[in-house]
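Shown next, in structure tokens, is the structure this report addresses.
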Amino acid sequence: MPRSGGDDMRWLRGLFRLLRAWAERSAQRRLLDQLSEAELKDMGITRYDAAWEARKPFWRN
């Protein structure tokens, strides 16, 4: 059964949301990896934890 135009748009919007989330996650991890020790300490995060998070692939939470 062919899909309606609305279903195609819903699928496409979902794909764009996923791509946007991946791009944001990737950017946030790059920034996290650049924080100073003092900034990490203020956040309650160790350098090890920051490095661990920063090196995750963009598709993983």
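Read-outs: derived from the displayed coordinates by stated rules, not from any lab. Because the structure is predicted, anything quoted here is derived from the model rather than measured. Cβ coordinates were reconstructed from backbone atoms using ideal geometry, including for glycine residues, and neighbour counts include every protein chain displayed.
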Q. How far, in nm, would the chain grow between GLN34 and ASP8 when pulled straight, counting 0.36 nm per residue and subtracting the alpha carbon separation?
A. 5.4 nm
Q) What ranking do ARG20, ARG29 get, fewest neighbouring Cβ atoms within 10 angstrom at the top? A) ARG20, ARG29
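Can you compute the helix-only [θ] at 222 nm over the chain? Use -39500 (n - 2.57) per DSSP H run of at least 4 residues, normalise by all residues, nearest 500 deg cm²/dmol. Walk me through the numbers on the way to the answer.
Details: 3 runs with 45 residues, N = 61.
Dividing the helical sum by the residues of the chain leaves -24000 deg cm²/dmol.
Give the residue list of chymotrypsin sites (Phe, Trp or Tyr not before Pro) in the chain that are DSSP loop and have at most 15 other beta-carbon atoms within 10 angstrom. Present the calculation step by step, with values, prior to reporting the outcome.
Details: sites: TRP11, PHE16, TRP22, TYR48, TRP52, PHE58, TRP59; in loops: PHE58, TRP59.
The qualifying sites are PHE58, TRP59.
Over all distinct Cα pairs, what is the inverse of the mean 1/r for the chain, reported as the Kirkwood hydrodynamic radius in Å?
On the way: mean 1/r = 0.0732 Å⁻¹.
This gives a value of 13.7 Å.
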Q: Please give, to one decimal in nm, the separation of the simple spin-label points placed at ARG47 and ALA23, each 7 Å out from Cα toward the Cβ.
A: 3.3
**Q.** About the Cα centre, charge dipole magnitude for the stretch 5-54 (Lys/Arg +1, Asp/Glu -1 at Cβ), debye
**A.** 220
